[in-house]
């Protein structure tokens, strides 16, 4: 598999209890291999990314009509990562926590890619109103 891209790439990923339970159940059924992988290929070895993409992900998108005007899958497998990050932000996750979950080596990377999702004009107005009230109360 090789070394991770950076020190922050190797991390513990928080998961909902139902996900942990499903993964534990799957681990008992999946093919065993010397690397003790959770998602191995049929022989228990490392699964090829393009194999997952072409044999599982693309057919799933096509079967569910998530296609472009030419009938081709609309998203790459990596889009799931972006969707998860966007949902974390939408749920109000702190930027540093999101950086940690995504394994970005710096907050600048996280903000460079997802910073626009943190912006909210409604929050800005509320922030300035609070600052004004705090200043006038002093």
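Each value in this text was obtained by applying a stated rule to the coordinates, not by laboratory testing. Quantities reported herein were computed from a predicted structural model and do not represent experimental measurements. Methodologically, a virtual Cβ is constructed for each residue, glycine included, from the backbone with ideal geometry; neighbour enumeration extends over all protein chains shown.
GNM remark for the chain: springs join alpha carbons under 10 Å apart, and the peak mean-square fluctuation among 40, 31, 17 falls on 17.
Under Stokes-Einstein, with the Kirkwood radius over Cα pairs as Rh, the value for the chain at 20 °C and 1.002 mPa s is 114 µm²/s.
The long axis of helix 17-29 is offset from the longest Cα principal axis of the chain by roughly 10 degrees.
Here the spin labels are modelled as points 7 Å beyond Cα on the Cα-Cβ line, and at residue 7 and residue 20 they lie 2.7 nm apart. Mean-square fluctuations from a GNM of the chain, with a 10 angstrom spring cutoff on Cα atoms, peak among 85, 16, 63 at 16. Taking the centroid of alpha carbons for each part, segment 103-138 and segment 9-57 are 37 Å apart. If you wrap segment 22-98 in the convex hull of its Cα atoms and look at it from every side, the mean projected area works out to 7.4 nm².
Using a Gaussian network model of the chain in which every pair of alpha carbons under 10 angstrom is joined by a spring, one finds that among 35, 87, 102 the greatest mean-square fluctuation is at 35.
Measuring nothing but alpha carbons in segment 78-138 and taking Rh as the Kirkwood radius, the Rg to Rh ratio lands at 1.13. In degrees from 0 to 90, rounded to the nearest 10, what is the angle of the helix 79-90 Cα long axis to the longest principal axis of the chain? In the chain, helix 79-90 runs at an angle near 30 degrees to the longest axis. Computed from the C-beta positions of residue 124 and residue 69 and an R0 of 41 Å, the FRET efficiency is 0.65 to the nearest 0.05. On a per residue basis, the convex hull of the C-alpha atoms belonging to segment 17-59 measures out at 84 Å³. The mean sequence separation of alpha-carbon pairs under 8 Å and at least six residues apart, normalised by the residue count of segment 1-101, gives a relative contact order of 18 percent.
For residue 106 and residue 80, the FRET efficiency from 1/(1 + (r/R0)^6), where r spans their Cβ atoms and R0 equals 25 Å, is about 0.65.
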